[in-house]
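Here is the structure we will look at, set down as structure tokens.
The values are calculated or read from the model by the stated rules, or taken from the named source; none is laboratory data. Source: prediction; values computed, not measured. Every residue, glycine among them, receives a Cβ derived from its backbone with ideal geometry; neighbour counts consider all protein chains shown. Surface accessibility is based on the protein's heavy atoms, side chains included, excluding ligands, DNA and RNA. Shrake-Rupley method; radii C 1.70, N 1.55, O 1.52, S 1.80 Å.
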Number of protein chains: 2
Amino acid sequence: MNQDYIKSDLWSIIEEGFDVEQVKSSESLFSLGNGAMGQRANFEEEYSGETFQGSYIAGVYYPDKTRVGWWKNGYPEYFAKVLNAPNWIGVNVFIDEISLDLNTCKNVSNFRRELNMKEGWYQRSFQAELSNTIELKVNITRFLSLELDEVGAIKMELELMNSNAMVKLVPYLDSGITNEDSNWDDKFWNTTRVDSKSNRAYIEAHTMKTNFATCTFMHANAEFDGVSISPKLEKKTDTFIGLEFEKNVSKGERISLTKFGGYTVSRNHEASQLVDVANVVMDRATTMGYDALLEKQKEAWANIWKMSDITIEGDVKAQQGIRFNIFQLNQTYLGKDSRLNIGPKGFTGEKYGGSTYWDTEAYCLPFYMATKNQEVAWSLLEYRYNHLEKAIENAQKLGFTNGAALYPMVTMNGEECHNEWEITFEEIHRNGAISYAIFNYHRFTGDYSYIPKMGLEVLIGIARFWHQRVNFSQDKQKYVMLGITGPNEYENNVNNNWYTNYLAKWCIEYALEQLKIVDDQYPKDYDRVVSKTSLTSSETEDWAKVASNMYFPYSEKHEVFLQQDGFLDKDLIKVEDLDKSDRPINQKWSWDRILRSPYIKQADVLQGFYFFEDHFSKQSLEKHFDFYEPFTVHESSLSPCVHSIQAAKLGRMEQAYTFYLRTSRLDLDDYNKEVEEGLHITSMAGTWMSIVEGFGGMRVLNDMPHFTPQIPAQWKSYSFKVNFRNQIITVTISEKQASFEITGDKNLTIQVNDKPLVLTPGKSVQA
Amino acid sequence: MNQDYIKSDLWSIIEEGFDVEQVKSSESLFSLGNGAMGQRANFEEEYSGETFQGSYIAGVYYPDKTRVGWWKNGYPEYFAKVLNAPNWIGVNVFIDEISLDLNTCKNVSNFRRELNMKEGWYQRSFQAELSNTIELKVNITRFLSLELDEVGAIKMELELMNSNAMVKLVPYLDSGITNEDSNWDDKFWNTTRVDSKSNRAYIEAHTMKTNFATCTFMHANAEFDGVSISPKLEKKTDTFIGLEFEKNVSKGERISLTKFGGYTVSRNHEASQLVDVANVVMDRATTMGYDALLEKQKEAWANIWKMSDITIEGDVKAQQGIRFNIFQLNQTYLGKDSRLNIGPKGFTGEKYGGSTYWDTEAYCLPFYMATKNQEVAWSLLEYRYNHLEKAIENAQKLGFTNGAALYPMVTMNGEECHNEWEITFEEIHRNGAISYAIFNYHRFTGDYSYIPKMGLEVLIGIARFWHQRVNFSQDKQKYVMLGITGPNEYENNVNNNWYTNYLAKWCIEYALEQLKIVDDQYPKDYDRVVSKTSLTSSETEDWAKVASNMYFPYSEKHEVFLQQDGFLDKDLIKVEDLDKSDRPINQKWSWDRILRSPYIKQADVLQGFYFFEDHFSKQSLEKHFDFYEPFTVHESSLSPCVHSIQAAKLGRMEQAYTFYLRTSRLDLDDYNKEVEEGLHITSMAGTWMSIVEGFGGMRVLNDMPHFTPQIPAQWKSYSFKVNFRNQIITVTISEKQASFEITGDKNLTIQVNDKPLVLTPGKSVQA
């Protein structure tokens, strides 16, 4: 944890002072993204110190050959890596032939970074004294345009402070890049063309195997004293091209460079047209110009914040933290393209590979449903529909038949990308999250149309999977599910994980209900789906048998469902009674010791109580919370949010706030000393949930938003917005009262503390 | 399976006809070893086809950096690889400058290999037509000397059949070798000197990291018409040296080459003296000469067979199979060096790494106890005593304290060499096998001296481990053991594996008993050990509590102990009811499906009934056998022997014989299509047990050998020998009778079918 590293600010992330030890962490924290591409905050100029270079194009991946210690049957042979893409941000700077490199400067002062979240730009400024004693002032602003999402813009300004010198600026493109996490040091990119024309340059390269064709392009313009400098070709190799802008600059004078760069990709255009399209894109950018494009950027971010901002009064760090979370989620995914999803590191690192986890359905969907238009959530659902065939193939590889679908643990294109047997094959609760998201979407938006059109097929494939995955225990005379890893990954290969059993039963019942509804109300869709899936009534009868006779481990003594069979055999020492030197257990203990301990990595039974809150009484929630919370170590970034929401529901606001704090500044304060690898994007949605669903108590039940407003003692007030069926509800909660206001043109009845409240557009109502 | 590949023969392994597809398999089957070194049956001459090159020096290994897909806390950073050593067998052959290479010859005929197990040599002969149409006849004999165990000998004879030609023979040494299973393509060997002097050559090389210094040497002599040819240096590189013997040979004439080669190693000599020692060794070999050394070889093997042969009348394939097993065990380990052990592939391949598994204690020890002098078994026990400190360190790495010892799953030098969490950390029953071997040694040999001298410390370390590894279940009010993989590796991370729980209880009780005996009878040793281990009476009281209150899963309904908690929840379909296309499940099913199935890879509960036979009634054995056998797929080479012994005990000789067949020719008939990777050395001891303990029913109880002779219907008679406390008992069993004869100078009372029988030396007694 590093609390003083990032300055407190309501709207910006600010670092002051140059520290080589922090460069990689800052590269993560100051990352930029626009949904279509993104990049770590690598320096534009040369940097010879420790750095983790990363530039990523949404949906462009490489299936790296699997490398494991011991092969287990069923492992995928390849898995999709988030792929470091050609670098377009580079601008080498030479002052009298000495390269500007902060790692070798005699002195660096006034170093400052700012990521302005309100307006969506990143700025870095510093003064440097080079080895030739020339001092210069540098200011660089960069953004990835939301208006033209294939373009990023850089403005670099240099001023000589103590001497005249020959200044040479070399904006370049470089496809000679690698992935840090490559398994076999394969070549991931093949460069086919390196070219330039006046102020522009192009590198055409395609990925090996997946054959994504890309054109990395740039348009650079340098000005001195209001006059453009003519470029020369500086260097051209098989994978590099640089233009040169050279000028004699006097002490106190300034030179500036504007660079537009980015990618055109065969995912969106004809492969043969990529350079032409790149020219069109650059024409648009240069026609608008840097300043106009930046203005558009500010407008676009203003629009995003209008719908998704959360304000917190009285706690600057909390304010900064929640905005950072919301900002990063929006940088990662905007819902414009149903082929994309929300990677765990977004555009900020390589780690984990793949782009899609159950995090999307379980944690991110509520955020996107409430802060975007309905189409965004639809896109996320459609993504899984488009992967249904692959999920069926995935299940087939593991021995399932008859159209049973197992969605992968990690994926890029629908194929499984993970290779730990205890996760890949056994953490199958992920499948339930897909069905739950369909339910959740309908519950929140009221839009049923996804189910007859797409969702029903998904629900059938998933129900088939559960039906085949259980077996009948003669001993228990119940259906059991063996060999499971639940959400708590600190247990592997257990029997009857309650959460998974419960989810399986629910998935089957939900699928049966939807079959009935679609049969009644969308008979054409019903016929189409039944015919396509060859579903029979005897099959659904078999499903019903499983659902109605599922086994759930339960302790009469403790009056709680057991996380899995045998949980009570453990040595039940509470977390608080562990020696501090044992924490975090994932760093201090060998894996077997973790496994046989009672310690819970992230909510498991409680995750079920979160999903299916209305199936259980508050008393039962309290019993389960009090039983499991003392064993929960929250060593997953996805854990505290669920506990925070439940603590709030149980009226334990101090505890809820403590859990909230663990997530909201996880990356900013680098709790786990790993932010240099990238940000924890998906858990950021959990932070949002902690406020909206936890403190605000928002639920949608019976087509109506419900709230049970509370506020942490540390805050004066806070406010959030929810797009409920195209009306934006602004909820403002202070110690004394909660007020509600809606947009739109019709009244909306909500429930506040279980009492109805009628909202009229434009009028703030207190409760 | 490939039944016609190896010709049936009582004493030899014979292959006829050249098949490029079989080269790698034959390289395994015709492997040679002399306990100190060994090698696959690679061709001496060039071979450009598929080959798996392997030459191994006992005890010389390399700690390769671990490579896994996902790191788990506690994994060893390095693990010891069986190391491919410099090649000394090579002899390139050029006929008019064309290299003899069976892969590129126009024709190969009369190809024949013979491994003569009676005499310990390997011969290969063939006729080849080269691309220049010259035909030649080649005959090559090779053996690794038991007399001089640093030396091997090769005799190569060539005859030109259809033409005169210039024949060039190039015996060479080559240290430019690699391991097929290298993790990171590290350089394993560093060559420091390549040299030659007249007929001799030397390569000095040491292993990286472990720094084993070696001198690979050769002495070559070619003769034509009874006259030696003078050698020239043919080629010398940084890692290669070849001598050249050149002669114009006429059609019908013969040229021969004798080559002595081998290794001197810093494990046995001063590193600085290795070349000098090599010269001494070569002097001895050349002074004796090839023929005399071969005679010594035949004598040495005759002595081995005198004590260990099993004869089978009426079944040539069975005879060949059992002799192959006995032969390979003796090639692998002779018990001369307590730093060595019995690797699972011996000197026949790289696979698995490490040299020592629980196979040694559980399967190999009985063979070596019964067919060697007592010192050999002592050596195996001493090996583990020497590793006790490392076992304590290994346990510490996993969080155990106070001198608790966990012997590694796989090791070379006492450190753990394996990295699958479910095995490395959880298959801890291996620890019990170490204690059991101490008990077994005492039971068989009557020699108690190992226990006060060394064994007690081992027993204490192991008892401490079990005491710490269990925990008290408040729910069951018993001690339980969580997170276990039993001998049946088709279950991972289970709770209360009966075998492991039972073994743990027994280990503690046995340690407590021995503490009492040593205290009574060896007070000095007792004081030394108690002082060294800081053992207290309160500690042993705690052990006793665990042992007396251990939980054992049991089914009242089936009247059997359950393999682990929850076994009865499985879908209990018998193996015979599985579709054939599902077998073997380890090739056909994904890992999770195997895990949740009831199928048993190798005896688990039944392994316990084998170890602790006299703790259970025959009726109970029968119940457990009938319960578990139908679920056992025997996909481990170590499984059928235990079932065979138990089936024989239950009087089910047909079934016992079927199980026996599965092991005895496992490699010869290549049941699992993997013999090219090397032989299954340790399971070969199980085959021996199937005959001696199974069919012959041998046990040692109360210091007396017991036999319950039976014979498979397929055999006329069989006979085996047992060295019981320095008297060799020869047991011959036919359909009609069993006869017994002993060597030595005193009578011996044995039990046959529970009746005493007095044996007098030199007289055959029938029962």
Taking the convex hull of Cα positions in region B:695-735, its mean projected area over all directions (nm²): 2.7
Accessible surface, per residue, of chain A when the full set of protein chains is kept, probe 1.4 Å, Å²: 35
Alpha carbon centroid spacing (whole Å) that separates region A:69-146 from region A:414-483: 43
Gap separating the Cα centres of region A:510-576 and region A:21-48, nearest whole Å: 45
Listing of region B:455-479 residues, each with accessible area lower by at least 10 Å² in the full protein assembly than in the chain alone (probe 1.4 Å): B:R469, B:N471, B:F472, B:S473, B:Q474, B:D475, B:K476
Interface residues in region A:422-452 - accessible area drops by 30 Å² or more relative to the isolated chain, probe 1.4 Å: A:F425
For region B:600-711, radius of gyration divided by Kirkwood radius, i.e. Rg to Rh on alpha-carbons: 0.98
Share of alpha-carbon pairs per 10 Å distance bin for the protein assembly as shown, given as whole %: 1, 7, 13, 16, 16, 15, 13, 10, 5, 2, 1, 0
Chain B, rotation onto A, residue closest to that axis via Cβ, with its distance in Å: B:N493, 2
Cα gyration tensor shape of region A:373-633, rounded if a/c is under 1.5, else prolate or oblate by comparing a/b with b/c: prolate
Accessible surface of chain A [probe 1.4 Å, protein heavy atoms]: carbon and sulfur percent: 45
Equivalent ellipsoid dimensions for chain B as semi-axes, Å, which come from the Cα gyration tensor, largest first: 46, 29, 26
For A:D195, inter-copy label distances in nm, listed shortest first [label point 7 Å out on the Cα-Cβ vector]: 6.4
Mean residue ellipticity (222 nm) of chain B, computed from DSSP H runs ≥ 4 via -39,500 (n - 2.57), nearest 500: -9000 deg cm²/dmol
Whole-Hz ³J(HN,Hα) from phi, Karplus 6.51 cos²θ - 1.76 cosθ + 1.60, for region B:744-761, glycine and proline x: x, 10, 9, 5, 9, 9, 10, 10, 10, 6, 6, 10, x, 9, 8, 9, 10, x
Dipole magnitude of chain B about its Cα centre (Cβ charges: Lys, Arg +1; Asp, Glu -1), debye to nearest 20: 1120
Relative contact order, percent, chain A [alpha-carbon distance under 8 Å, six or more residues apart]: 12
Nearest-first distances (nm) between copies at B:E674, label 7 Å from Cα via Cβ: 3.3
Ranking by accessible area, most exposed first, for B:Y554, B:Y75, A:Y551 with a 1.4 Å probe: B:Y554, A:Y551, B:Y75
Reachable aspartates and glutamates from A:K574, criterion Cα separation under 14 angstrom, eight or more residues apart if same chain: A:D582, A:D626, A:E629
Cβ-placed point charges (K, R +1; D, E -1), dipole of region B:12-306 about Cα centre in debye, nearest 20: 560
Contour excess over end-to-end distance, with Cα ends at A:L650 and A:S538 and 0.36 nm allotted per residue: 36.0 nm
Entries of A:K390/B:K601; A:K570/B:K397; A:K580/B:K532; A:K570/B:K545 with Cα pairs more than 27 Å apart: A:K390/B:K601; A:K580/B:K532
Computed accessible area, A:V82, all protein chains, 1.4 angstrom probe, square angstrom: 20
Solvent-accessible surface ranking, highest first, for B:T192, A:T51 at 1.4 angstrom: B:T192, A:T51
Translational diffusion coefficient (Stokes-Einstein; Kirkwood radius from C-alpha pairs) of region B:82-147 at 4 °C, 1.567 mPa s, in µm²/s: 94
Computed accessible area, B:I177, all protein chains, 1.4 angstrom probe, square angstrom: 40
Proportion of all alpha-carbon pairs of region B:698-767 beyond 15 Å (%): 48
Relative contact order (%) - region A:373-633, alpha-carbon pairs under 8 angstrom, separation at least six: 16
Proximal aspartates and glutamates relative to B:K763, as straight alpha-carbon distance under 13 Å, when same-chain residues fewer than 8 apart are discounted: B:E741, B:D745
Label 7 Å beyond Cα on the Cβ vector: A:K588 copy-to-copy distances, nm: 4.9
Buried area at the B-A interface (accessible, heavy atoms, 1.4 Å probe, summed, Å²): 4000
Using alpha carbons only: equivalent-ellipsoid semi-axes of region B:12-306, gyration tensor based, whole Å: 32, 22, 20
For region A:654-672 and region B:723-767, distance of Cα centres in Å: 78
Residue-wise HN-Hα coupling along region A:31-42, computed from phi with Karplus coefficients 6.51, -1.76, 1.60 (Hz; x: Gly, Pro): 4, 10, x, 10, x, 9, 7, x, 6, 6, 7, 5
B:F347 accessible area, assembled protein chains, probe 1.4 Å, Å²: 20
Table column - 3J(HN,Hα) (Hz), region B:680-687, Karplus curve with 6.51, -1.76, 1.60, x for Gly and Pro: 8, 5, 5, 6, 4, 5, x, 4
Accessible surface, 1.4 Å probe, highest first, among residues A:E427, A:E741: A:E741, A:E427
Stokes-Einstein D in µm²/s, Kirkwood radius over Cα pairs - region A:597-663 at 10 °C with 1.306 mPa s viscosity: 136
